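A.B. asks: Before I ask anything, here is the structure I am working with.
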Amino acid sequence: MLKSNARLLLISFLIILGAPVNADYNEVKMAKKIDQLVSKLTLEEKALLTSGRDAWSTQPIERLDIPYIWMADGPHGLRRAPTTDTWGYGNQAPATCFPTASALSASWDMALVEEVGAALGVESNALGVDLLLGPGINIKRSPLAGRNFEYFSEDPLLSGKLGVAYINGVQGEGVGATVKHYVANNVETQRMWANSNLDDRTLNEIYMTPFEITVKEAQPWSVMACYNRVQGVYGTESLQLLTDKLKNDWGFKGFVVSDWDAVVDRVQGIRAGMHLEMPGKPARITNKMVVDAVKNNELDEKQLDAVVKDLLRIVFMGQNTEDKFGDQNIEQHHQLARKVAAEAITLLKNTKKLLPVDTAKYKKIAVLGEFAVNPRYQGNGSSQVKPTKLDKFIDIVRQEYGQDVEFVYSAGYSLANDDDLSLVDAAVEVAADADLALVMAGLPLSYESEGIDRKHIDLPPSHNKLISAVAKAQPNTAIILTNGSAIAMPWVNEVTAILETWLGGQAGAGAIADAVFGKVNPSGKLAETFPFRLEDSPAFLNFPGEDGQVIYGERMFVGYRYYDKRNIEPMFPFGHGLSYTEFSYSNLKLSSTNITDKDQLQVSLTVTNTGKVKGKEVIQLYIADKESTVQRPVKELKAFDKIELEPSESKEVRFTLNNRDFSYYSKVYGRWLAESGEFDILVGSSSRDIRLKGSLNLNNTEKLNYKMTVFSFFSEYWENPQLKPLLIDFMPKWIKAMTPEGKPVEEAKIEDFLQQQPLIKFPYFTGGEVDEQSIKAFVERTNNLTFNP
Ligand code: BGC
């Protein structure tokens, strides 16, 4: 016994030791093989390799046994074209249509999103797809953005973490994932030219962070460069974005693929670090430009070699053998799609506890709204999946609850004509005659589309009218919403129960039934704020922009960061979502109330299910910087967890925070920086329902050099105890002259007007006591000094 245990131990030890060695060995072998291949490639072949063969595949080079990989959209199911050289709109292979990203994110469930990723990996293998074009992790800057349904959240941490889960799931099946669209791709209007005009801090803190998290934590095989320009440079041509950040700072090892038809200057793209232009056909023209650029010494062939090598590494990893394996698991994935859709459903309001519907009490239920027979389950554009099957709410409820309850359907509105109000009266009659009404309303397909932004956040007039009229006629009315992004609800105070079901995919109807009748206790939470009015939203004045310029005037105050800072009451805040049970929070503990930049902070708390049914809760941890020299959001999400609790059960929840969690992105230092001072740790059930609060002091022990310039302000020196004496020494006469009789020079009265002058103006104010040269030398002297931030 002892012997075999010792053997086991030895084997595990060897495995632990051997794993990295083998991985490194394989990497070295692969790199060698690729070096050799590249040395055999002609210039023309290299150019050919860095553009697609056709709509969906990379270029194989048969004479050197270089294979190709097959790519397909993404993100919430496969849109695999019949062949790599056809587009596959309408004639794509059937695949499971999972809930779209805005639904997945409402689950706040990393394990579940990973499960979806794995199912997508299985389907990719079954359909011969090597690289999936998803997830989409752009930030939801405005509720109007046409592709919000395809993205996770307004929050960078949540977007990044869910991206990691998705990628791990897909790549765990040996299929590559592609994070898109890198970066600041937040508007569809003029999407091939729009310039995202944003400052470095905002870019890093909000828009880059999801990409940084996914690259560092999940190494996606590919990153898709965006259509738009960022700070004036196309995403496909930016050395700063593609090489400095992605590759050098974050350690990205995969390849950058252009969004389809995004490339303008292919040669500059290669210089910047873009590996692959897609799709293939137009790229045939630009191949010659690449060859000519090398011949004319405008492009260093070494640079071309480097992108070819990165690309080949992934091509060999994913190579299409045309005899991929496995079953598509259609039935099993349909069930998974239902489970996922149910986990995403978000109970926005349930004042009279009408939900879950008690089938012993309500025997005749009116099901109103054409969505009951004609479901809205995904968005418009490249992500459109041809589902393997499609459930309808009216069929599901009749099948699963029809023995106990009579369901009477009335259309209420027509999806063919939004303005047609003629169907409302009949639906109201059905509602009045029933014991309870379920109104299925939301956004028709044409409202949410890639390539087009919304103009407003309203539901069609017929849906709004139906809801108000039914709520008046039938007090027991629940509203079931289907939409991929925030909407206005002018009737919010006229109804008592609202269930947000997102775009739930092909099995969404079953999931709605599960939540309505209580088979599943809703546990979704909003990953985006629902404002009362579009006018309240952060980017209202700067969306979609004009003349190709999109000004990110709200800076890092996106989503709840904006509503918090401006003290605007949202209709439903970020993180909000109710349950059929209740949870209490207690016992917040911090591992220390005094930490340094080198420490980790452990946070723990207890959550208890105080209600009568089993349920899941999403626990959210926000931090608030109480003292800061720069603007900071009121609070920022830094950790979350989802747990399940039986009635009366308690669980301890633990989080670990590190220095980055307390930091902001400093433009001056070009890096993340945590300032010493007091921070609050806020733990709650939503961004506006904080249940526990703790405080701590952070002491940053790093030594930073000052970064003053001749344009630094007098006040920056005068108000800094370390620098004030130097300033007094530098212009002693002038400061003395400003000092009231009998007072020390430290108490000199320097007017605000003078405090707010840059140093370079002081030759004038001091009447020549200092000059430009001496100011420059003075600034240099101060910049040799260090301080603790
Ligand atoms: C979209 C991408 C998509 C690609 C291929 C583009 O128009 O922006 O998200 O992956 O087409 O269909």
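The values are calculated or read from the model by the stated rules, or taken from the named source; none is laboratory data. The shown structure was predicted, so the numbers you read here are calculated from the model rather than taken from an experiment. Cβ sites come from the backbone with ideal geometry, for glycine too, and all protein chains shown count toward neighbours. Heavy atoms of the whole protein, side chains included, go into the accessibility calculation; ligands, DNA and RNA do not. Shrake-Rupley method; radii C 1.70, N 1.55, O 1.52, S 1.80 Å.
A.B. asks: For K455, which lysines qualify as cross-link partners when the Cα separation must be under 21 Å and same-chain residues fewer than eight apart are set aside?
C.D. replies: Here the lysines satisfying the reach criterion relative to K455 are K140, K465.
A.B. asks: Compute the distance from the alpha-carbon center of the stretch 578-595 to that of the stretch 210-249, in whole Å.
C.D. replies: 36 Å
A.B. asks: Determine the calculated [θ] at 222 nm for the chain from helices alone, applying -39500 (n - 2.57) to every DSSP H run no shorter than 4 residues and normalising by the residue count; nearest 500 deg cm²/dmol.
C.D. replies: Numbers: 21 runs with 237 residues, N = 789.
Value at 222 nm, helices only: -9000 deg cm²/dmol.
A.B. asks: Sticking with this one: Cβ under 10 Å from K626's Cβ, K626 left aside: what net charge do those residues give with Lys, Arg +1 and Asp, Glu -1?
C.D. replies: Numbers: positive: R632; negative: D625, E627, E678, D680.
Once positives and negatives cancel, what remains is -3.
A.B. asks: Follow-up question, since we're still on this one. Mind counting lysine pairs for me in the stretch 323-448? Cα separation below 30 Å, and the two need to be 8 or more apart along the chain or on different chains.
C.D. replies: Qualifying lysine pairs in the stretch 323-448: 29.
A.B. asks: So, in Å, what gap is there between the alpha-carbon centers of the stretch 141-196 and the stretch 377-449?
C.D. replies: Their Cα centres are 29 Å away from one another.
A.B. asks: With a 1.4 Å probe and every protein chain left in place, tell me how much accessible area W87 has, in Å² to the nearest 10.
C.D. replies: 120 Å²
A.B. asks: Let me ask another. If you build the Cα gyration tensor of the chain and take the root of 5 times each eigenvalue, what three semi-axes come out, in whole angstrom, biggest first? Don't skip to the end; give the middle numbers.
C.D. replies: Details: eigenvalues 428, 287, 148 Å².
Three semi-axes, in Å: 46, 38, 27.
A.B. asks: Oh, and also: Compute the separation of the alpha-carbon centres of the stretch 262-304 and the stretch 702-753 and state it in Å as a whole number.
C.D. replies: Cα centroid to Cα centroid, the span is 54 Å.
A.B. asks: R691 accessible area, nearest 10 Å², 1.4 Å probe?
C.D. replies: Looks like 100 Å² after rounding.
A.B. asks: Using each residue's phi in the stretch 567-574, evaluate 6.51 cos²θ - 1.76 cosθ + 1.60 at θ = phi - 60° and report the 3J(HN,Hα) Karplus result to the nearest Hz, with x for Gly and Pro.
C.D. replies: Working through the residues one at a time gives 6, 9, 6, x, 5, 9, x, 3 Hz.
A.B. asks: Thinking of the stretch 571-617 as a set of Cα atoms, what percent of all their pairs are more than 12 Å apart?
C.D. replies: Values: 775 of 1081 pairs.
Result for the distance tail: 72 percent.
A.B. asks: Continuing with this model, one more query. Whose amide H sits under 5 Å from the amide H of R53, counting only residues 5 or more places off or on another chain, with H placed in the peptide plane?
C.D. replies: T58, Q59
A.B. asks: Through the Karplus equation 6.51 cos²θ - 1.76 cosθ + 1.60, θ set to phi - 60°, convert the phi angles of the stretch 750-760 into ³J(HN,Hα) values in whole Hz; use x for Gly and Pro.
C.D. replies: With coefficients 6.51, -1.76 and 1.60, one gets 9, 4, 3, 4, 7, 4, 8, 9, x, 3, 4 Hz.
A.B. asks: Sum up the charges of everything whose Cβ sits under 11 Å from the Cβ of A165, counting Lys and Arg as +1 and Asp and Glu as -1, but leave A165 out.
C.D. replies: Values: positive: K161; negative: D109, E114, E115, E217.
Charge balance in the 11 Å sphere: -3.
A.B. asks: Have a look at the stretch 525-660 and give its Rg and Dmax from the Cα atoms, expressed in angstrom.
C.D. replies: Considering the stretch 525-660 through its Cα atoms, Rg and Dmax are 18.3, 59 Å.
A.B. asks: Please list the radius of gyration and Dmax for the stretch 596-658, considering alpha-carbon atoms only, with Å as the unit.
C.D. replies: Rg and Dmax of the stretch 596-658, Cα atoms, are 15.2, 48 Å.
A.B. asks: If we restrict to alpha carbons, what Rg and Dmax does the stretch 433-504 come to, in Å?
C.D. replies: 12.7, 43
A.B. asks: To continue, here is another question. For the chain, which whole percent of the accessible surface, found with a 1.4 angstrom probe, sits on carbon and sulfur atoms? Intermediate results must be reported in sequence, preceding the final value.
C.D. replies: Details: 16110 of 31110 Å².
The nonpolar share, carbon plus sulfur, comes to 52 percent.
A.B. asks: Sticking with this structure for a sec: Report, as a whole number in µm² per second, the diffusion coefficient that Stokes-Einstein gives for the stretch 624-689 at 10 °C and 1.306 mPa s using the Kirkwood radius over alpha carbon pairs.
C.D. replies: Details: Rh = 14.2 Å.
After rounding, the answer is 112 µm²/s.
A.B. asks: Still on this structure: Please give the direction-averaged projected area of the C-alpha convex hull for the stretch 169-238, in square nanometres with one decimal. Numbers along the way, then the final one.
C.D. replies: Details: hull surface 20.0 nm².
It is 5.0 nm².
A.B. asks: Below 13 Å, Cα to Cα, which aspartates and glutamates can K32 reach? Residues fewer than 8 away in the same chain don't count.
C.D. replies: Partners found: D24, D310.
A.B. asks: So what's the stretch 103-169 giving for Rg/Rh, alpha carbon basis, Kirkwood Rh from the mean inverse pair distance?
C.D. replies: We get a ratio of 1.00 for the stretch 103-169.
A.B. asks: As an exercise, take the mean of 1/r over every pair of distinct alpha carbons in the stretch 230-282, invert it, and state the Kirkwood radius in angstroms. If you can, show how the numbers build up before the last one.
C.D. replies: Values: mean 1/r = 0.0904 Å⁻¹.
By the Kirkwood definition, the hydrodynamic radius is 11.1 Å.
A.B. asks: What are the trypsin sites (Lys or Arg not before Pro) within the stretch 267-354 that DSSP puts in a loop, where the Cβ has at most 13 other Cβ atoms within 10 Å? Kindly include the intermediate steps, with their values, before the conclusion.
C.D. replies: Numbers: sites: R271, R284, K288, K295, K302, K309, R313, K324, R338, K339, K349, K352, K353; in loops: K324, K352, K353.
Loop-located and lightly packed - K352, K353.
A.B. asks: In the calculated pair distance distribution of the stretch 109-233, what percentage of Cα-Cα distances lie above 19 Å? Provide the component values of the computation, followed by the final result.
C.D. replies: On the way: 3507 of 7750 pairs.
Beyond 19 Å sits 45 percent of the P(r) for the stretch 109-233.
A.B. asks: Still on this model: Which aspartates and glutamates have a Cα less than 17 Å from the Cα of K281, not counting those fewer than 8 places away in the same chain?
C.D. replies: Those aspartates and glutamates meeting the cut-off are E44, E45, D54, D85, D259, D261, D265.
A.B. asks: A further question follows. Give the Rg/Rh ratio for the stretch 699-789, taking Rg as the radius of gyration of the Cα atoms and Rh as the Kirkwood radius, to two decimals.
C.D. replies: Ratio of gyration radius to Kirkwood radius for the stretch 699-789: 0.98.
A.B. asks: Add +1 for every Lys or Arg and -1 for every Asp or Glu among the other residues with Cβ under 12 Å from the Cβ of L673, and state the total.
C.D. replies: Neighbourhood net charge equals +1.
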